[in-house]
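Undergrad: Shown below is the structure under consideration.
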Amino acid sequence: MANTDPQALRVLPFRGLRFAPDRVSDPSAVTSPPYDMIGPDEARRLADTEEHNVVRLILAAPEEVDAGPGAPARYHRAATSLREWIDDGVLRQDAEPAFYVYEQTGRGVRQRGLIALVKLDDADGAGGADGGSAAEPSPASRAILPHEAVTTSVVTDRLAQMRATEAHIEPILLTYEGDRTVSDLLDRVADLAEPLTSATTPDGTQHRLWALTDPAATGRIAADLLWHRALIADGHHRHAAYRRLRAERGGPADYGLALLVDSTRYPLSLHAIHRVLPHVPLETAVVQAGKVFAVRQTPDPHHALDEIPTGEHAFVLSDGTTHYLLTAPDPAVLAETIPTDRPEAWRALDATVLHHVLVEAVWQLPDTPEEVRFDHDPLHAVAEAARIGGTAVLLRPTTEDVVRQLAGAGVLMPRKSTAFGPKPATGLVMRLLAEDGAGPIERF
């Protein structure tokens, strides 16, 4: 029988690996967005701008960008760069284990959270849905709740990067509903101490980091978090790679690097992730969609969905010049094409309707990155459709209540259904799997 006892949310301090302030005068120059928010052109720009930009560790050097995921040279170069930067003193490991207080401020938003090592849930033979990892624990027993399906090839890519570098370079983002005990402690540290580092990224967001090493405070935080469950807000593929790495070796790989945010104190924003169909012209997409949906032209693709009542399915199709609103899908087609073995909340998701009705049944596209691209920014999605002669598909976000409801029941939403934010910047603090590292490591 599967173990249904709840697993505790266990966190540990760690000796962070950080860019040395005497070697990197501008921390913002070596940071990057998360790996899945960076296209090839942006990867080249970041890598060309600063030779120590962390994009070289999470993706590729400029000459390797076009090699694509899975190219062995990418992982070899990332591992070589990491060791060189450590040996040269560009990266140094902190002398003491710490919890790291991380703050993001900008555009009217302030968020503080805890960067720590979090214990990965034990497998219990319940079956798997994380790109080939060990078996999943039952939903009732999980301390860390995923809410989206993943793509095996992306999990494999992240796993290869972790194996090569022997490091967790960027944290996943977890959110939990706390009682403010932890967030109050983090606020006290951030309000009274000078930060270890401060960086302002191109979007105007300021990122600051503090180390909390006091044993009484770290012990109190760890004890409080034992009683909570965390939702994966961002980083499903990295979390799945964490679990596969753990199944291979255990030990330090029993824990993954994470940013934990108390959503009762610092609510995250939740946005939709849009699609771009590079090989489907707008006229073709609209004609085929009109067999199932009511279609009408709209002058404003970015606000047309605002007028649709909650609970009704709606999408916008655009090629950058002409825009159409899809509404009122044929109930008979929904019943015929959407799987019936999932809860009604899952069947009612716009992302479910998009992929099962439009992508699979109407447009008959394989759900691959070559045919269905993802874009977090609706403006960029429309501009990209115009650039390549394809079709942008704009969606509305779901609600956090629905996400938590499905995650708690162990039901995964279609991949790339949600975009929680703000996401942590990559490069402020990293974690070596073997914390003493290989070879000489300078410490603060």
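Undergrad: Can you spot a residue in the stretch 222-238 that is on the phi > 0 side of the Ramachandran plot and surrounded by fewer than 22 Cβ atoms within 10 Å (Cβ to Cβ)?
TA: Looking through the stretch 222-238, none of the residues is on the phi > 0 side of the Ramachandran plot and surrounded by fewer than 22 Cβ atoms within 10 Å (Cβ to Cβ).
Undergrad: Taking into account only those residues within the stretch 141-175 that are in a helix (DSSP H, G or I) and among the small types (Gly, Ala, Ser), which is surrounded by the fewest Cβ atoms within 10 Å (Cβ to Cβ)?
TA: SER153
Undergrad: Let me ask something additional. For the stretch 411-419, indicate whether the set of residues that are touching a residue at least 60 places away in the same chain (Cβ under 8 Å), touching a His at 6+ places or on another chain (Cβ under 7 Å) and outside any loop (DSSP other than H, G, I, E, B) is non-empty.
TA: yes
Undergrad: Hey, another quick one. Collect the residues in the stretch 21-51 that are open to solvent by less than 30 Å² (accessible area, probe 1.4 Å) and either of a type in the set (Asp, Glu) or touching a helix residue (DSSP H, G or I) at 6+ places or on another chain (Cβ under 6 Å) (or both), keeping them in residue-number order.
TA: If the condition is that a residue be open to solvent by less than 30 Å² (accessible area, probe 1.4 Å) and either of a type in the set (Asp, Glu) or touching a helix residue (DSSP H, G or I) at 6+ places or on another chain (Cβ under 6 Å) (or both), then VAL24, SER32, TYR35, ALA43, LEU46, ALA47 are the ones that fit.
Undergrad: Something else now. Looking at the stretch 344-359, can you tell me whether even one residue there is buried (at least 21 other Cβ atoms within 10 Å of the Cβ), over 20 Å from THR398 (Cβ atoms) and modelled with pLDDT of 95 or more?
TA: No, the stretch 344-359 has no match at all.
Undergrad: I want to confirm something. Restricting to the stretch 111-125 and keeping residues that are open to solvent by less than 40 Å² (accessible area, probe 1.4 Å) and acidic (Asp, Glu), which single residue is modelled with the highest pLDDT?
TA: ASP121
Undergrad: Go through the stretch 381-404 residue by residue and tally those that are in contact with a helix residue (DSSP H, G or I) (Cβ under 6 Å, 6 or more places away or on another chain) and open to solvent by 10 Å² or more (accessible area, probe 1.4 Å).
TA: 3
Undergrad: Scan the stretch 283-334 residue by residue and report those that are open to solvent by less than 60 Å² (accessible area, probe 1.4 Å) and small (Gly, Ala, Ser).
TA: ALA285, ALA289, GLY290, ALA294, ALA304, ALA314, SER318, GLY320
Undergrad: At pLDDT 95 or above and in a strand (DSSP E or B): is that true of ALA385 in this structure?
TA: no
Undergrad: Here are some residues: ARG18, ARG10. Which one is within 23 Å of the chain's Cα centre (by Cα), open to solvent by less than 30 Å² (accessible area, probe 1.4 Å), of a type in the set (Lys, Arg) and modelled with pLDDT of 90 or more?
TA: Only one candidate qualifies: ARG18.
Undergrad: Scan the stretch 75-93 for residues that are in contact (Cβ under 8 Å) with a residue 24 or more places away in the chain, among the charged types (D, E, K, R) and crowded, with 19+ Cβ neighbours inside 10 Å and report the count.
TA: The number of residues fulfilling the criteria is 1.
Undergrad: Okay, next question. Only one of these conditions is not met by LEU277: (1) open to solvent by 10 Å² or more (accessible area, probe 1.4 Å); (2) in contact (Cβ under 8 Å) with a residue 24 or more places away in the chain. Which number is it?
TA: Unmet for LEU277, out of (1) open to solvent by 10 Å² or more (accessible area, probe 1.4 Å); (2) in contact (Cβ under 8 Å) with a residue 24 or more places away in the chain: (1).
Undergrad: Applying the selection to the stretch 94-110, what residues are open to solvent by less than 40 Å² (accessible area, probe 1.4 Å) and touching a Ser or Thr at 6+ places or on another chain (Cβ under 8 Å)?
TA: Selection gives ALA98, PHE99, GLN104, THR105, GLY106.
Undergrad: Would you point out which residue out of ARG246, ARG229 is closer than 23 Å to MET413 by Cβ and not hydroxyl-bearing (Ser, Thr, Tyr)?
TA: Answer to the selection: ARG229.
Undergrad: How about the stretch 360-379: which of its residues are among the β-branched types (Val, Ile, Thr) and either surrounded by fewer than 19 Cβ atoms within 10 Å (Cβ to Cβ) or assigned to a helix (DSSP H, G or I) (or both)?
TA: Hits for the stretch 360-379 are VAL362, THR368.
Undergrad: What single numbered condition from (1) over 26 Å from the mean Cα position of the chain (by Cα); (2) farther than 29 Å from LEU145 by Cα fails to hold for LEU379?
TA: So LEU379 meets the others, but not (1).
The values are calculated or read from the model by the stated rules, or taken from the named source; none is laboratory data. Quantities reported herein were computed from a predicted structural model and do not represent experimental measurements. A quick note on method: Cβ atoms are made from the backbone with ideal geometry, for glycine too, and the neighbour counts reach across all protein chains shown. Calculation scope for accessible area: heavy atoms of the full protein, side chains included, ligands and nucleic acids excluded. Shrake-Rupley method; radii C 1.70, N 1.55, O 1.52, S 1.80 Å.
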